[in-house]
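Report on the structure given below.
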Amino acid sequence: MDIVSSCDVSLDTIAIPLVVVDDEIRVKDFNFAASLFLGSNRDEILNKRAGDALQCINSFYTDDGCSNSPECSNCVIKKSVADCYDGGTIVQKLTKLYVKSENKVTRHTFLITVYPFLEYDYLLALLIIEDAKNVT
């Protein structure tokens, strides 16, 4: 077994959604928990922006999707990833996200954590999405 597949197996044992994104918040990889959370298959999620993959209601306000509606200017995920890329620091913030599923909108509270890391000299961000509904 090579190192990459060992790493993939290790990440899949973590029960928290882990999503690797680039500086445009495009999904580059994710673990098994994220695939369950996102409810789509791998081909449908890869290279989508995080808000599109999450079905964030703001991504439906424009044909260009995630990061392009006026409401996206205050997005905690967008700002956290940008801060991560700007300073290369770990960012952690609590946010409420409205998600569309099965023709209804549901409010979720998440703790968003973004860690910068290098892969083959290319800066990426690990986006961790934790359910924080019981956090005040």
Could you list, in sequence order, all residues of segment 90-107 that are touching a strand residue (DSSP E or B) at 6+ places or on another chain (Cβ under 6 Å) and either of a type in the set (V, I, T) or within 16 Å of E71 (Cβ to Cβ) (or both)?
I90, V91, T95, K96, L97, Y98, V99, V105, T106, R107
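Residues are listed down the side, and each one gets a yes or a no for (1) of a type outside the set (S, T, N, Q); (2) in contact (Cβ under 8 Å) with a residue 40 or more places away in the chain; (3) in a helix (DSSP H, G or I); (4) buried (at least 17 other Cβ atoms within 10 Å of the Cβ):
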position: S10; (1), (2), (3), (4): no, no, yes, no
position: V19; (1), (2), (3), (4): yes, yes, no, yes
position: A33; (1), (2), (3), (4): yes, no, yes, yes
position: S40; (1), (2), (3), (4): no, no, no, no
position: G51; (1), (2), (3), (4): yes, no, yes, yes
position: Q92; (1), (2), (3), (4): no, no, no, no
Condition test on L94, is it at pLDDT 85 or above and under 14 Å from V19 (Cα atoms)?
no
The conditions are (1) over 15 Å from the mean Cα position of the chain (by Cα); (2) modelled with pLDDT under 85; (3) surrounded by 17 or more Cβ atoms within 10 Å (Cβ to Cβ), and G88 fails exactly one of them. Which is it?
(3)
Condition (residue is at pLDDT below 90 and surrounded by fewer than 16 Cβ atoms within 10 Å (Cβ to Cβ)) applied to segment 53-60: is it met by at least one residue?
yes
Unmet requirement for V76, which otherwise passes all of (1) modelled with pLDDT of 85 or more; (2) closer than 18 Å to F117 by Cα:
(2)
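The values are calculated or read from the model by the stated rules, or taken from the named source; none is laboratory data. Just so you know, these numbers come straight off a predicted model, no measurement behind them. All Cβ positions, glycine included, derive from the backbone under ideal geometry; neighbour counts span all protein chains shown.
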